[in-house]
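Comments concern the structure below.
The values are calculated or read from the model by the stated rules, or taken from the named source; none is laboratory data. Please read all numbers here as calculations on a predicted model, not as lab measurements. All Cβ positions, even for glycine, are placed from backbone atoms using ideal geometry, and neighbour counts span all protein chains on display. When the accessible area is computed, the model is the full protein with side chains, heavy atoms only, and any ligands, DNA or RNA have been set aside. Shrake-Rupley method; radii C 1.70, N 1.55, O 1.52, S 1.80 Å.
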Amino acid sequence: MPSVLVVEDEPEIRASLIEVLSAHGHLVRSAGDGFGALREVTRAPLDAVVLDLGLPDLDGADALRMIRGISQVPVLVATARDDEAEIIKLLDAGADDYLVKPFSGGQLVARLNAVLRRSTSAHHPPAAAPGPAPGPGELLAVGELIIDPRGRSAHLGGVELKLTRREFDLLAYLARHVDQVVPKRQLLVEVWREPYVDDQTIDVHLSALRRKLGERGSLPRYLRTVRGVGIKMVTPR
């Protein structure tokens with residue numbers, strides 16, 4: 001039974017989230033503020049955290065960074081902020097996924113279960129499919145971009161890129177399929193391992209990756225969008 005911490009300051013909303021998650025087989029703990037969340041994270045192991053950003057004592061983004069300072073527990077952020085730049089900041093700060101309010105109980109359960117599955121897959125990665133693509137432990141080199149799947153690090157021109165877990169998974173997958181157009185649906189299945197996630201999730205992560213690779217949408221170097229088809233990683237000329 002997965003152990004989930006719900007961080008929400010509104011008692012009625014918190015009770016509703018606890019009820020929904022408990023009904024779907026989760027063992028739920030809760031906190032009404034940021035410091036309470038930090039105490040819960042340190043008190044006993046957790047499988048995931050659902051973190052509201054509108055907390056009375058800490059900004060939710062600060063609470064997220066503090067959680068990341070003491071734990072790698074997956075964090076699903078619940079936010080009313082739907083601005084792409086703000087969402088990218090949250091992902092950079094360590095969020096594993098996000099839900100924009102208002103959302104249904106079904107959406108919460110689906111996203112949370114997807115985060116839990118991805119976390120399990122990260123600790124127990126599947127065997128590589130047969131074929132000419134590099135193996136899971138081999139270095140991937142695309143131009144000045146060097147990716148170490150085993151060490152989960154990426155360097156561009158000798159400078160290490162600071163990537164979130166999902167950004168790294170996405171970058172490594174595209175590098176394994178360099179010069180191939182990869183449909184977004186394939187990325188959802190192979191990287192997110194959840195075919196029913198909104199395509200916007202990929203767009204947000206791609207936007208963050210482009211920024212960290214020093215790209216602009218009008219001047220792509222490594223990541224090119226093939227309109228209506230998918231994403232292709234190329235070797236810069």
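Yes/no per residue for (1) at pLDDT 85 or above; (2) farther than 14 Å from ILE88 by Cβ; (3) open to solvent by 10 Å² or more (accessible area, probe 1.4 Å):
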site: LEU161; (1), (2), (3): yes, yes, yes
site: ARG176; (1), (2), (3): yes, yes, yes
site: SER207; (1), (2), (3): yes, no, yes
site: PRO220; (1), (2), (3): no, yes, yes
site: ARG224; (1), (2), (3): yes, yes, yes
site: GLY228; (1), (2), (3): no, yes, yes
site: THR235; (1), (2), (3): yes, yes, yes
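Within region 38-48, the set of residues being of a type outside the set (D, E, K, R), under 14 Å from SER3 (Cα atoms) and not in a loop (DSSP other than H, G, I, E, B) comprises VAL41, THR42, ALA48. Taken together, the residues in region 37-84 that are loosely packed, with under 12 Cβ neighbours inside 10 Å and over 23 Å from SER104 (Cα atoms) amount to 8.
For region 90-103, name all the residues that are touching a helix residue (DSSP H, G or I) at 6+ places or on another chain (Cβ under 7 Å) and either basic (Lys, Arg) or within 15 Å of TRP192 (Cα to Cα) (or both). LEU91, ALA95, ASP96, ASP97, TYR98 - these are the residues of region 90-103 that are touching a helix residue (DSSP H, G or I) at 6+ places or on another chain (Cβ under 7 Å) and either basic (Lys, Arg) or within 15 Å of TRP192 (Cα to Cα) (or both). Filtering LEU51, LEU64, LEU21 for residues that are under 15 Å from GLY94 (Cα atoms) and either in a helix (DSSP H, G or I) or without any contact (Cβ under 8 Å) to a residue 12 or more places away in the chain (or both) leaves a single hit, LEU64.
Residues that are assigned to a loop (DSSP other than H, G, I, E, B), of a type in the set (Gly, Ala, Ser) and without any contact (Cβ under 8 Å) to a residue 40 or more places away in the chain: does region 167-174 have at least one? Checked against the condition, which is being assigned to a loop (DSSP other than H, G, I, E, B), of a type in the set (Gly, Ala, Ser) and without any contact (Cβ under 8 Å) to a residue 40 or more places away in the chain, region 167-174 yields no hits at all.
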